[in-house]
Amino acid sequence: MGEWKRHRILMVSDFFYPNFGGVENHIYYLSQCLLKLGHKVVVMTHAYNNRSGVRYMTGGLKVYYVPWKPFLMQNTFPTFYGTLPIVRTILIREKISLVHGHQAFSTLCHEALMHARTMGYKVVFTDHSLYGFADAGSIHMNKVLQFTLAEVSQAICVSHTSKENTVLRSGLPPEKVFVIPNAVDTAMFKPAPERLSSHEIVIVVISRLVYRKGADLLVEVIPEVCRLYPNVRFIVGGDGPKRVRLEEMREKHSLQDRVEMLGAVQHSQVRSVLITGHIFLNSSLTEAFCIAILEAASCGLLTVSTRVGGVPEVLPDDMIVLAKPDPSDMVQAIKKAISILPKIDPQEMHNRMKELYNWHDVAKRTEIVYDRALKCSNQNLLQRLSRCATQSLRLNCMLVQMWL
């Protein structure tokens, strides 16, 4: 790659290592692959406990853990201009050419994009989640999003459903929004060396135990499946406020020997949990793109999932069984999955995942978006203010129509 093509990219988000999740993994793997393509990548996030200052990760990835403590749900307190001095310092010191913000819920991302545009930098935004339009929290977030993205150079979404959602919420022209899915590290997520016995069927759940992830559905689905199939056992990994309900369900139905609660599972241990099961169960109520499904499929598990958001786009029909987010429909989907389980070859499924998803392909597609963003013309202050006002008026009209 010629020198003229190399970019200096600043990734910004409140969500990064040492936390693990979809956004954190996306930033890390994308950064590593961009480094291998010859670009310079720097990550900016807030401090995590004692992890503050400048750190270096694998491949020479430089990370700025700025001395801001998380305020709510790993997000820093919104200050608007409080982050300007340190953002400006990083942009100039690292000779950044483009800023890439991640996640609509990240206040650090919004502030960095705003300051970068004010300083004349090109900015790209990736949205990883789906949001509504009617509740108070979503209305507030959509107002912030349309203000921040009013002058974004290009945007990326992880699924076509996510693109539709982002375009409606932010007012961005659809031609400025690209769809680049997540991927999975297939070298890390491999099937078990030996095929598991079919005498006992193990269903694995690895998820944050919160309402949005459908923990309440699990409370109703698990007892019914255990009643129908005496040879089925569940392994539930994850923690959250809904864990109490699952514990109560286990006690009420005397399923202590058939439902194993692991608590929080480190990302390095996810594969070792997955390869103990035959079926992976995802009960999310909303999902832009579920990386956990990719990890399970790469380990050779047949997936049963709710048909929500971008989930139907993730896997081919013969690798996943979809259901409505309803307990009875999910039980039927699990029954179907158990019936087709003998036809599933874990190694073949892993090989297909290697062809379908890889982070190097994601990096190359993201590189094209960067090239397009850098060719975008700069707007003067009056044009920027006019666009912000136009987008605000458009969103207000849309919200009024929805309320009526």
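Listed values, structure above:
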item: Hits among aspartates and glutamates - C-alpha to C-alpha of Lys95 under 15 Å, sequence gap 8 or more where chains match; result: Glu3
item: Test item: Cα-centred dipole of the chain, Lys/Arg +1 and Asp/Glu -1 on Cβ, debye; result: 1360
item: Projected label distance in nm at Asp317 and Gln256, using a 7 Å step from Cα toward the beta-carbon; result: 4.6
item: C-alpha center-to-center spacing [segment 141-180, segment 339-368] in angstrom; result: 27
item: Computed E for Glu224/Lys343 - FRET, C-beta separation, R0 30 angstrom, nearest 0.05; result: 0.80
item: Residue-level accessible surface for Arg233, protein heavy atoms, 1.4 Å, Å²; result: 60
item: Net lengthening on full extension, Gln269/Ala136 (0.36 nm per residue, minus Cα-Cα); result: 44.1 nm
item: Segment 212-367 - percent relative contact order, Cα under 8 Å, separation 6 or more; result: 21
item: Expected 222 nm ellipticity per residue - DSSP helices of 4 or more, -39500 (n - 2.57), all of the chain, to 500; result: -12500 deg cm²/dmol
item: Protein accessible area in the chain, 1.4 Å probe - carbon and sulfur %; result: 56
item: Cα-based reach from Lys354 at 22 Å (exclusive), listing lysines while leaving out same-chain residues under 8 positions away; result: Lys36, Lys190, Lys343, Lys364
item: Cut-off under 5 Å, modelled amide H: who pairs with Phe178 long-range; result: Ala155, Ile156, Cys157
item: Solvent-accessible area per residue, Å², over segment 226-319 with all protein chains present [probe radius 1.4 Å]; result: 39
item: Accessible-area value, Leu113, 1.4 Å probe, nucleic acids and ligands omitted, Å²; result: 0
item: Accessible area per residue in Å² at 1.4 Å probe, computed on segment 99-212; result: 36
item: Sequence-distant lysines (8 or more away, or on other chains) whose Cα lies within less than 30 Å of Lys252; result: Lys213, Lys242, Lys324, Lys335, Lys336
item: For segment 191-262: relative contact order, % (alpha-carbon pairs under 8 angstrom, 6 or more apart); result: 38
item: Candidates Gly237, Gly22, Gly60: whichever shows maximal mean-square fluctuation once the chain is modelled as a Gaussian network with Cα springs under 10 Å; result: Gly60
item: Spin-label pair Leu374/Arg8, simplified geometry with 7 Å Cα→Cβ offset, distance in nm; result: 1.2
item: Nitroxide proxy distance, nm - points 7 Å out along Cα→Cβ at Phe77 and Asn50; result: 2.5
item: In order through segment 312-323: 3J(HN,Hα) via Karplus (6.51 cos²θ - 1.76 cosθ + 1.60), integer Hz, x for Gly, Pro; result: x, 8, 6, 10, x, 4, 7, 10, 8, 10, 9, 9
item: Added length on full extension, which subtracts the Cα-Cα distance from 0.36 nm per residue, Arg365 to Phe147; result: 75.8 nm
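The values are calculated or read from the model by the stated rules, or taken from the named source; none is laboratory data. Predicted model only: the values in this text are computed from it and were never measured. Glycine gets a Cβ as well: all are built from the backbone with ideal geometry, and neighbour counts include every protein chain shown. Accessible surface is based on the protein model in full, side chains and every heavy atom, while ligands, DNA and RNA are left aside. Shrake-Rupley method; radii C 1.70, N 1.55, O 1.52, S 1.80 Å.
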